[in-house]
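**Q** The structure follows.
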Amino acid sequence: METRIAHPDREREPDRSKSAREAVFVLVVEPDAGLRAQVQALVAEEGHHCETAGTPEQAATLLQLQRYDVVMSRLDGNPDGVLSDLARDLVENRKDSILIVMTDREEPREVRLGLELGAFGFLSRPINAHELAFVLRNALRQRRLQQEGRAFSHRMQQEVMRQTKELLNTIQRLERTEMRIRRSQEETIYRLARAAEYRDSETGLHLQRMSQYSAILARKSGLDLERAELVRIASPMHDIGKIGIADTILYKNGKHSPEEFEEMKQHARIGNEILTGSHSELLDLAALIAWTHHEKFDGSGYPRGLAGPAIPFEGRVVTIADVFDALTSKRVYKPAFPVEEAMRMMNEGRAKHFDPGLLDLFWDAMDQVLDVRERFKDPEPH
């Protein structure tokens, strides 16, 4: 069938007023030389750069050398469908080119194949200048919208990545700041506890040992790592209230009178009053421990005579850790008892002084306890 052209056979130079950024490069693949020249002229009239190829081989060579925004081709060029394969290759290799199919309306096979290949538009043969302009502009508009969508998506992805990175950096800075604050809090608590301890007869490493014992027992009982760490840091403040006890009572040689002992017991209340009322979870816990570490499981302790589960968990934990270290450490008024003897003595206080379940867990963790005892051993006197 003879190809008919619906536009005069003339070629025009591309519109030079268009910026290089707006320039569109079009490749026309068409075996009919007359039709090929006419389509090239119409494309140039729209202000675009246009090159042509008469065979699939020429088209393949040009596609390797140049990126084209639009490929205009018909799909029935050869009986073996080589041109169809060329168009299919454009799609399957995800090349960023618009495919416009020049087709005969009487060939539905070409339309189906074009749709399968993702064609942006179709041009009926014979070619109409107005239809070509409309299809080409519409295809370029769709392509521009797609490109803008992809660019927007890329910008959003980059922005999300940037903000995520900033968020991670902020979190890391906050974590470092929190760590510095936590260390500062721990150092402050320890030094305040040492101040109280200097007014007593206990040794310098008692605080480290009993706080480590407390954390071991807290973890053994199922407390999460963060809370167990709070117990470790807060527990050295258990006797901070001794700051408020008179020297004549605190340093008395020999047994206290009932009145003096009542005064001595006030250190638990004083410690709670010193530490309570802050906005710090750590100091609140320290206040709770100071107030409850002298309570006994059977209700015979002080200052409130709490019993069993009414005694806060952390207070029951620190009671065991504190007494164990006191029994196994040397004091001016007593020798250090062997571990086995200390265990026997504490077992006598089972369900009386100590929570029996926690006491069993403490014995189960004795390997860890003894490791701490070895690491924080009191120095030998010179």
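For every residue, the table says whether it meets (1) surrounded by fewer than 16 Cβ atoms within 10 Å (Cβ to Cβ); (2) closer than 15 Å to residue 210 by Cβ.
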| site | (1), (2) |
| --- | --- |
| 235 | no, yes |
| 240 | no, yes |
| 245 | no, no |
| 262 | yes, no |
| 266 | no, no |
| 270 | no, no |
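**Q** Something else now. Scan region 35-73 residue by residue and report those that are buried (at least 18 other Cβ atoms within 10 Å of the Cβ), of a type in the set (A, V, I, L, M, F, W, C) and within 53 Å of the chain's Cα centre (by Cα).
**A** Correct list: 50, 59, 63, 70, 71, 72.
**Q** Go through region 280-294 and give me each residue that's small (Gly, Ala, Ser) and surrounded by 19 or more Cβ atoms within 10 Å (Cβ to Cβ).
**A** 286, 287, 290
**Q** Give me the strands (runs of 3 or more DSSP E) completely within region 66-144, filtered to those with at least 2 residues that are out of contact with any Pro (no Cβ under 9 Å at 6 or more places or on another chain), among the aliphatic types (A, V, I, L, M) and at pLDDT 80 or above, ordered by residue number.
**A** Per the criteria, 70-73, 98-103.
The values are calculated or read from the model by the stated rules, or taken from the named source; none is laboratory data. Quick caveat: nothing in here was measured; it's all calculated off a predicted structure. Every residue, glycine as well, gets a Cβ built from its backbone with ideal geometry; the counts of neighbours run over all protein chains shown.
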